[in-house]
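Working notes, structure below.
The values are calculated or read from the model by the stated rules, or taken from the named source; none is laboratory data. What you see is a predicted model, and the numbers here were worked out from it, not measured in a lab. As a convention, Cβ positions derive from the backbone with ideal geometry for all residues, glycine included, and neighbour counts pool all protein chains shown.
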Amino acid sequence: MVFKPRLIRTLSRYTLLYSALFVAFSLVNRYNCWLNLPPASIHQWRQADGAAIAWNYSINPQFEEPRINNLFFAGDSHAMGEFPGLYWLAGCMSRISGAPDFPLRWIGWFLLYTGGWAFGWIILQGTRKPQLAASGALLLLSAPVLGYYGPSSLPDAPAFCFVLIMMACLLRAHQLQSTGWLCAATLAAMLAISLKISCAILPLALMATWWHGKRIRQWVEFPLWNSNWPILSQILLITTILLLRLWIFHYNKEHHAGYFLSSTRPIWQYDGSFILETLVLATRNVAPFFASVGLYASMLVGIWWYVRTWKKLSFLWKSLVIWSLVGSLGYFLLWFRMFREHDYYALCLLVVPALLLLFGVEKWTEKQADSKWNSILWVLCILGMLHSHWVLSNRLHTTGSNYLPADAFLDDPVYQQKSLPMNARWLCPEDPSPNTSLLALRGFGWTAYNFGHKVAADTIQYYQVHHQLSHLALRDSSLYDSVYQSFFPRPMKGLNGWYFYGK
């Protein structure tokens, strides 16, 4: 009890310093602009999918009925790709007066803060140095893939943040040998994996480590880990995730929704030239945005210390890092095709840099003077934030080029002012994504994703008769050819770069 006030002061100093640095990090990444934007820039397609579910929840907040804006071939908009909890929360927030237009970004920003704080708290437990803990947390957050997708509409970054929260809860459970904190860690793991199945890498590595340790009697001195509670926790976690995946599968099957990627793209399906080309593209399109310069440098330090001290490492460090590497490699090989251009597929792999950063800080502080390591970590942190700023600034500049610009996303007052029909069923033949244009129009319908860029006349006729297709929306009025004119003969007043036509 003598040291409790000191621990509270240390934690308070860490929290204040981390909060100040996170505000600076937010300003450096220009979150003051990003938080007010609709789905924009790189991978706008996938961002719009999540934002579409959130928008539909704002209209109909029934949790068990997630919907999107695309009506598919059967005229049914029911669909989901992952646990819709965050989308439902965002939809409920949208129903509150004065809420932001796209609350998913704000939810992601808050989870980014929370996940970073949890990671820094873990460093704090090993060093008792608030400055090291705060700068280490910001160094991890400086990964561009985390900074960009944190306040967005994708579930990847929030899922990874729940992994960081799980790590902190497990450490607290170990410190107190507490079943309550083990339950909290299990809940965090459930949320992480349900939001993004690939975030199972660390939970699976922890399971493998625990079972291996159980077999060789590593946990005899720890009542919690030597009990049956970890087994119950794992059973609950696995059962919950399996039931959730079954619900998603049957929900999409029932409503004939199939655009959400639910299958792997393993390396063994491709020939040597494609594999080599994919590795080159991943190096060019993914690696520079996966981690920052500072985080890459800290990874090298962590690897160096890990190899150098291998013989003296604890069982936990040896097993956990190895199993995480095995899981990461397995994931990379199973979803190999997606690493050609999808940087967000690599986000779950940040678990390895996170572990190496924790290990490097712990070992370096044991060997070096605090001031020396503190200075090095601050330099790496600054380099990381500069790298993150460069990536996010470049992506902010692309929000209006080759992507649907922010002003194309209409709001209800615009609809009412221009007398656009709220119950229209739109055809957006220029949009290759399922939801982007439809979300921008705050309506339902079909895009080039469903039919291709050139929609046949008999297709238009069929959907007008059977699925009440009523309006055409174009960004380029020169595409209004004789086929469209015959089915949508009535031009309407356009706005914000849109050209509208009715029956």
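Does Gly108 satisfy being closer than 17 Å to Lys363 by Cα and in the same structural domain as Ser298 (by TED's automatic domain parsing)? Reasoning before the result, please.
Details: closer than 17 Å to Lys363 by Cα: no; in the same structural domain as Ser298 (by TED's automatic domain parsing): yes.
Judged against the criteria, Gly108 is not a match.
Consider the range 472-482. How many of its residues are more than 18 Å from Asp431 (Cα to Cα) and hydrophobic (A, V, I, L, M, F, W, C)?
Going through the range 472-482 one residue at a time, the tally reaches 0.
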Search the range 385-424 for residues being under 31 Å from the mean Cα position of the chain (by Cα) and among the charged types (D, E, K, R), and hand back the single one that is modelled with the lowest pLDDT. Asp412
Out of all the residues in the range 189-209, is one or more surrounded by fewer than 15 Cβ atoms within 10 Å (Cβ to Cβ) and part of a helix (DSSP H, G or I)? no
Search result, residues across the range 20-60 that are of a type in the set (S, T, N, Q), closer than 29 Å to Leu132 by Cα and without any contact (Cβ under 8 Å) to a residue 40 or more places away in the chain: Asn32
Of (1) modelled with pLDDT of 90 or more; (2) assigned by TED's automatic domain parsing to the domain that holds Cys348, Gly258 satisfies every one except (1)
When Pro230 is evaluated against the numbered criteria (1) buried (at least 17 other Cβ atoms within 10 Å of the Cβ); (2) not assigned by TED's automatic domain parsing to the domain that holds Leu355, which criterion, by number, is the only one it fails? (2)
Only one residue in Leu439, Leu427, Leu420, Leu472 is in contact with a Phe, Trp or Tyr (Cβ under 8 Å, 6 or more places away or on another chain) and either free of Cβ contacts under 8 Å to residues at least 40 places away in the same chain or part of a helix (DSSP H, G or I) (or both). Which one? Leu439
Starting from residues that are under 14 Å from Pro151 (Cβ atoms) and touching a Leu at 6+ places or on another chain (Cβ under 8 Å), keep the ones in the range 83-102 and report whichever is surrounded by the fewest Cβ atoms within 10 Å (Cβ to Cβ). Pro100
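What number of residues in the range 129-162 are over 24 Å from Arg395 (Cβ atoms) and part of a helix (DSSP H, G or I)? Walk me through how you get there before you give the answer.
Within the range 129-162, the subset over 24 Å from Arg395 (Cβ atoms) is 129-136, 162.
Subset that is part of a helix (DSSP H, G or I): 130-136, 162.
Within the range 129-162, residues that are over 24 Å from Arg395 (Cβ atoms) and part of a helix (DSSP H, G or I) number 8.
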Out of contact with any helix residue (DSSP H, G or I) (no Cβ under 8 Å at 6 or more places or on another chain), exposed (fewer than 10 other Cβ atoms within 10 Å of the Cβ) and of a type outside the set (Gly, Ala, Ser): which single residue out of Glu254, Glu221 fits that description? Glu221
May I ask you to list the residues in the range 442-462 that are part of a helix (DSSP H, G or I) and within 18 Å of Pro489 (Cα to Cα)? Ala457, Asp458, Thr459, Ile460, Gln461, Tyr462
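Could you go through the range 243-258 and let me know if any residue there is within 21 Å of Leu154 (Cα to Cα) and hydroxyl-bearing (Ser, Thr, Tyr). Give the derivation first.
Kept after step one, since they are within 21 Å of Leu154 (Cα to Cα), are these residues of the range 243-258: 244-245, 247-249, 251-252, 257-258.
Within this subset, residues satisfying the condition of being hydroxyl-bearing (Ser, Thr, Tyr) are 251.
Scanning the range 243-258, I find at least one residue that is within 21 Å of Leu154 (Cα to Cα) and hydroxyl-bearing (Ser, Thr, Tyr), so the answer is yes.
Suppose we filter Ile59, Ile8, Ile68 for residues that are crowded, with 20+ Cβ neighbours inside 10 Å and either touching a helix residue (DSSP H, G or I) at 6+ places or on another chain (Cβ under 8 Å) or of a type in the set (A, V, I, L, M) (or both); which single one remains?
Numbers: Ile59 fails: crowded, with 20+ Cβ neighbours inside 10 Å; Ile8 fails: crowded, with 20+ Cβ neighbours inside 10 Å.
The unique qualifying residue is Ile68.
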Might you let me know whether the range 93-102 holds any residue that is closer than 30 Å to Trp181 by Cβ and out of contact with any Lys or Arg (no Cβ under 9 Å at 6 or more places or on another chain)? yes
Could you say whether any residue in the range 318-333 is exposed (fewer than 15 other Cβ atoms within 10 Å of the Cβ) and not in a helix (DSSP H, G or I)? no
What number of residues in the range 320-371 are among the polar types (S, T, N, Q) and modelled with pLDDT of 95 or more? 2
Number of the exception - His212 against (1) of a type outside the set (A, V, I, L, M, F, W, C); (2) surrounded by fewer than 18 Cβ atoms within 10 Å (Cβ to Cβ); (3) over 22 Å from Leu329 (Cβ atoms): (3)
Qualifying positions in the range 224-247 - over 14 Å from Pro203 (Cβ atoms) and among the polar types (S, T, N, Q): Asn226, Ser227, Asn228
Specify the residue that is farthest from Cys33 (Cα to Cα); the eligible residues are those in the range 87-106 that are touching a helix residue (DSSP H, G or I) at 6+ places or on another chain (Cβ under 6 Å) and part of a helix (DSSP H, G or I). Trp88
